[in-house]
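Chemist: Before I ask anything, here is the structure I am working with.
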Amino acid sequence: MELDERKLKILQAVVRNYLATGEPVGSRTISKYTDLNLSSATIRNEMADLEELGLIFQPHTSAGRIPSDKGYRLYVDTLMSDKIKEVEVLKEDLVQKADKMENILQNMAKLLAQNTNYTSMISSPLYTHKKVKFIQLTEMDEHQLLLVIVLNSNAVKNRMITSDVAVDKEVVLKLNILLNSTLQGLDLTEINMAMISKIKDQAGEYAGLITLILDAIAKEVGEDDTQEIYTSGATNIFKYPELTSSEKASELLYTIEEKKELGTLLSSRMDEEGDRGIQVYIGNETTVDSMKDCSVVTATYEVEEGVYGKIGIVGPKRMDYEKVVSTLHSFMHQLDDIFKKDEKKDEA
């Protein structure tokens, strides 16, 4: 069903007000709630048309209106259609940004290695606080649901849910409304037992299904994102005799090339308060065995609030710490500035 923009906005306002208050919604409330700048009389006429279409109804005489199942359906279908379009646009934007970011980080790693004569490494940024942006349940059959979770990073997670209780389109509709109205904008730390209990109470006989959905959301939101590591100057280690014995050099080169242990090193302590500056690991202080004869110095750069990456230098224990620390400070602030300028351009 297609409505003109005015009727659709009024229907959306009725649904949102009713979801928030549980009370029938009158024309005066709508006139204050929307940006249509319509009189109460005009809104009453539009609401009368929506009632004739079976999208809203009056629960009793002299009351406001509440959404019908048909009204809920149109609201959710429109909401999901808009969100899907938004996600597609965001995906395209994200691919462009990812390509640009990869070039920036690769160039930065190269410049850092050239500037210091050591080995450099830069991690792609990660979200330390991932929030739920949108949840969509889709009925595959009466016992199978597809759960789609869109996060504030615009990452899209998918998971199949098997329900012991049979569900139909109307149940899925109500669960979508319940989950989105409760969880949108929250991260895992904000989803507490009291909130979970309230959602289960509202779900009634589908409380068990809600538990499965919430467990799946927690798992998907809690999973670590894939982190890219960009390195440069690996052969600089041959400039330092203490690192060039055949065994030590090959192990160190393998670590730099394989990158897995570098990711662990660069992501460590990322969530600790105050760990946004320079960190120095000397010899055995590093967790990477092949770097026990090295020093590793790292710094954290910020893309936006809650989104951080790390840059680091690997060299001999006799490295020029003053130069390395000064260089990392400079590069860290350059990365901060680059990403924040891009963010301002996007907002303009």
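What follows draws every value from the coordinates through simple rules; no lab data is involved. This one's a predicted model, so the numbers in the text were calculated from it and none came from an experiment. Please note: Cβ atoms are built from the backbone with ideal geometry, for glycine as well, and neighbour counts cover all protein chains shown.
Chemist: With a sphere of radius 10 Å drawn around the Cβ of LEU53, what net charge do the other residues whose Cβ falls strictly inside it have (Lys, Arg +1; Asp, Glu -1)?
Modeler: Residues close to LEU53 contribute a combined charge of -1.
Chemist: Give the shape of the stretch 5-67 as rounded, prolate or oblate, defined through the alpha-carbon gyration tensor: a ≥ b ≥ c are the square roots of its eigenvalues, a/c under 1.5 means rounded, and otherwise the shape is prolate if a/b is larger than b/c and oblate if not.
Modeler: It comes out rounded by the Cα gyration axes.
Chemist: What pairs in LYS100/LYS292; LYS133/LYS259; LYS110/LYS239; LYS133/LYS169 have C-alpha atoms more than 25 Å from each other?
Modeler: Those over the limit are LYS100/LYS292; LYS133/LYS259.
Chemist: Could you work out the local net charge near GLU251, counting Lys and Arg as +1, Asp and Glu as -1, over the other residues with Cβ closer than 13 Å to its Cβ?
Modeler: -4
Chemist: In addition: Shape call for the stretch 132-222 from the C-alpha gyration tensor, a ≥ b ≥ c root eigenvalues: rounded (a/c under 1.5), prolate (a/b greater than b/c) or oblate?
Modeler: oblate
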